[in-house]
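Have a look at the structure below, then the notes.
We did not get these values from a lab; they are worked out from the coordinates using the rules stated. The model shown is predicted, which means the values in this text are computed figures rather than measured ones. Counting neighbours? That spans all protein chains shown, and the Cβs are built from the backbone with ideal geometry, glycine included.
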Amino acid sequence: MSRKDEFKTVSSNPATKFLEWDSNSGSFKYYDKQEGANKFVKAPFKFVVLKELHTIKGWNDKSESGIYSNEVVNLNDKLDVKSFKGGPIISGIYRDIKDQLQGGVYNKSIYVMLSDGSVANISMKGAVVATWGDFTKKSKARLSDEWVAVMKHEDMKKGSVKYTIPVFEYKSTMTEAEGEMADKAYDIMKDYLLGYFGEKADEEVAQEVNKTAHLEPTNTGKGEDRYHYTQRAVEEDDSFDLPF
C-alpha cells in the first residue's frame, strides 16, 4: 500500500437497494428507508450480475438481534461473525465455524445492475442459493453479457413445509448501450471493493476482484475452480437445505 492510500476515503456501499427473497409473496423485497416499509419487486424482474461474494446473516436469540459478518471473495477467507447487540460471535473460515454461528447462516451476496443502471445487492440463502447454483452451474460465462430475469416463482414443499423459489432465466443479451452502462456500474463496484478490502486490495484482492467480477466468457480454469469449490463448501452446510 502506498503512503497516499492511507488518506483515501473508503466509498460507501454503492447498492441503492438490498433485496432478499420473500417466500410468502413469491417475490424479492427490499426495505425502503424513506417510507419505513418493505417494498416487493414483482415479476418480471431483471438484472446484470456484477460480483458474487459470501457472507453470514441470521438472528441471535441470546442477544435478540440480527447476525452479520464481513463479505469475502472466497470461503477460504476469514469471516468475522457478530450480532448487532451481542458483539463478536466467532471468526474463521466457513468450513471451520459453520456449526458455531449461533443462528447465522450462509448467504450469497450478489451485487447487480438493475435496468435503470443503479447498483443493488441481492442476498440469497437456503433453497434460493441452491436454485441459483443450479441455474449458473453450466452457464456462468453467460452472466458477463446477458440479463438475468425472474419471470415467475415455483411452489415447493419439503416435508410439511411449503415455500417458493425464484425461477431464473437468461432474458436477453445486453445492447451496446446497456453494456457501457454495466461497465460503469462495475467500475463503481470495483472501486468500492478495493476500498472495502483494505490493504489486501493492493495485489491479492485486486487480482481476485478482476478475475471474478463481471466475468468474461473466456474466464475458465482457476476462476471456475474457485466457484465450484465455494458451491461444494456451502452444500456441506445443513442450513443450505432450509428454504428460509
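Structure notes:
- Here's the list of lysines a cross-link from Lys140 could span, going by alpha-carbon distance under 16 Å and ignoring same-chain residues fewer than 8 apart: Lys51, Lys108, Lys171, Lys211, Lys222.
- Under 5 Å, built H, 5+ apart or other chain: amide partners of Lys152: Val167
- Using θ = phi - 60° in the Karplus curve 6.51 cos²θ - 1.76 cosθ + 1.60, the 3J(HN,Hα) couplings for the stretch 20-30 round to 8, 7, 9, 5, 5, 8, x, 7, 7, 9, 8 Hz; x is entered for Gly and Pro.
- Two-site label geometry, Lys42 and Lys85: point separation in nm, points 7 Å out along Cα→Cβ: 3.6
- When you restrict to C-alpha pairs under 8 Å that are six or more residues apart and normalise by the size of the stretch 82-173, the relative contact order lands at 18 percent.
- Entry for the stretch 1-111 at q = 0.12, 0.20 Å⁻¹: log10 I(q)/I(0) = -0.57, -1.21, Debye formula applied to identical alpha-carbon scatterers, no solvent contribution.
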